[in-house]
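This report concerns only the one structure given below.
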Amino acid sequence: PSGPGGVAVPRAGLKKYVLPPDYSGITFPERPKLKFMDKVPAVPKVRREPRQLRDIRGPSREATDFTQGQYGILALGGGYLHWGHFEMIRLTIGRGMDPKTTFAIWRVPAPSKPVTRKSLGHRMGGGKGPIDRYVTAVKSGRLVVEVGGRCEFEEVKPFLAQVARKLPFPAVPVSRRGLQQMRREEEEKRLNNQNPWTFERVVAANMLGMRKYLSPRDLQLKGRYWGKFFLKHRV
């Protein structure tokens with residue numbers, strides 16, 4: 001405000017500084033970096049398994065919430081991780097993080113499912129081919145890796161986004177608060193849906209005889225998953 005004669009009067013005020021984040025409740029593991037994953041399991045399976053869609057279809061029932069870290073990579077679709085993906089994740093995060101202030105842990109097991117492949121130019125027939133590599137099945141909604149420590153999300157987001165772009169399924173870097181906000185928005189979208197013709201109502205009324213074309217899995221997942229894909233825009 002102006003003083004007498006229109007002269008500005010300087011005034012001293014108290015500055016409000018933002019309090020630094022509290023890292024007192026964070027415990028570091030013994031090894032801050034991601035451990036090396038074996039290319040072949042210690043006790044490999046003798047039986048060659050078929051590629052089953054149910055391994056990567058639908059929502060995940062495990063590793064859906066954070067345990068130690070504050071940030072991580074969330075899978076938005078199903079797929080298989082082979083040993084090359086594990087090495088890419090380990091090396092990229094190891095180069096980007098500071099082991100003195102940051103740690104990372106795995107949320108997916110080592111490759112254990114055998115995948116067969118026949119050699120190039122091999123004639124048809126002759127039974128199932130030999131084991132080519134081992135993979136880990138990942139479903140939608142599962143955390144692949146967790147990162148935590150005395151750091152902010154903006155510090156770890158660049159290399160987490162770099163890893164998420166190279167995965168064989170859609171994935172995004174998320175924080176603990178961002179994951180809660182994402183699930184809260186999905187629940188609000190479901191409760192405040194103004195469209196009366198939802199998938200559940202259409203299927204329950206068997207409109208146009210569509211129950212004939214749907215599988216029991218579609219009824220169970222309420223149309224939000226199509227094979228290994230997660231249809232996030234469908235309510």
Subject >> Filter result for the condition that a residue is basic (K, R), over 14 Å from the mean Cα position of the chain (by Cα), closer than 30 Å to S119 by Cα and modelled with pLDDT of 90 or more, over R177, R133, R165 >> reply: R133
**OP:** Mind telling me which of the residues K228, K166, K189, K232 ends up being among the basic types (K, R), touching a Gly at 6+ places or on another chain (Cβ under 9 Å) and in contact (Cβ under 8 Å) with a residue 40 or more places away in the chain?
**Re:** K228
**OP:** Scan segment 198-214 for residues that are farther than 30 Å from L74 by Cα and part of a loop (DSSP other than H, G, I, E, B) and jot them down.
**Re:** A205, N206, Y213
**OP:** At least 2 residues that are open to solvent by 20 Å² or more (accessible area, probe 1.4 Å) and of a type outside the set (V, I, T) in each: list the strands (runs of 3 or more DSSP E) lying fully within segment 20-124 that qualify.
**Re:** 79-82
**OP:** Answer yes or no: is there a residue in segment 59-66 that is modelled with pLDDT of 95 or more and of a type in the set (V, I, T).
**Re:** no
Original post:
Can you name the residue in segment 195-235 that is polar (S, T, N, Q) and closer than 22 Å to D55 by Cα and, of all such residues, is least open to solvent (accessible area, probe 1.4 Å)?
Top reply: S215
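The values are calculated or read from the model by the stated rules, or taken from the named source; none is laboratory data. Note that the structure is predicted; figures quoted are calculated from it, not measured. A quick note on method: Cβ atoms are made from the backbone with ideal geometry, for glycine too, and the neighbour counts reach across all protein chains shown. Just so you know, the surface numbers come from the protein's heavy atoms only, side chains and all, with ligands and any DNA or RNA stripped out. Shrake-Rupley method; radii C 1.70, N 1.55, O 1.52, S 1.80 Å.
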